[in-house]
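The values are calculated or read from the model by the stated rules, or taken from the named source; none is laboratory data. Note that the structure is predicted; figures quoted are calculated from it, not measured. Reconstructed Cβ throughout: ideal geometry from the backbone, glycine too, with neighbour counts over all protein chains shown. Only protein heavy atoms, including side chains, enter the accessible area calculation; ligands, DNA and RNA are left aside. Shrake-Rupley method; radii C 1.70, N 1.55, O 1.52, S 1.80 Å.
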Amino acid sequence: MRETLTEADKGKQVVTDDGDEVGRVVSVDSGTAYVDPDPDLTDRIAAKPGIADRDDDTYQIDPASVATVTDDEVRLSA
């Protein structure tokens, strides 16, 4: 498992430390992931530490808030 994100991580599911899905990685720029959220989770995502609004459709994930990256998902730290 690793913590650094790359373009190869596009399409992976992003989950919180307790397993709640928050969206999918749509792009990665210099190790920073941009996530397209599940519309029902938008308010919860905005309240999570390490996540900043990029535009109306995606959220930026602070690289420091990534706990692990596996073949299937990006897991955020608490």
Of all residues in segment 2-36 being part of a strand (DSSP E or B) and free of Cβ contacts under 8 Å to residues at least 24 places away in the same chain, which is most open to solvent (accessible area, probe 1.4 Å)?
Arg24
Out of all the residues in segment 48-78, which are at pLDDT 90 or above, closer than 14 Å to Arg24 by Cβ and either of a type in the set (Gly, Ala, Ser) or not in a strand (DSSP E or B) (or both)?
Asp72
Do we find a residue being exposed (fewer than 14 other Cβ atoms within 10 Å of the Cβ), touching a strand residue (DSSP E or B) at 6+ places or on another chain (Cβ under 9 Å) and either at pLDDT 85 or above or part of a strand (DSSP E or B) (or both) anywhere in segment 38-47?
no
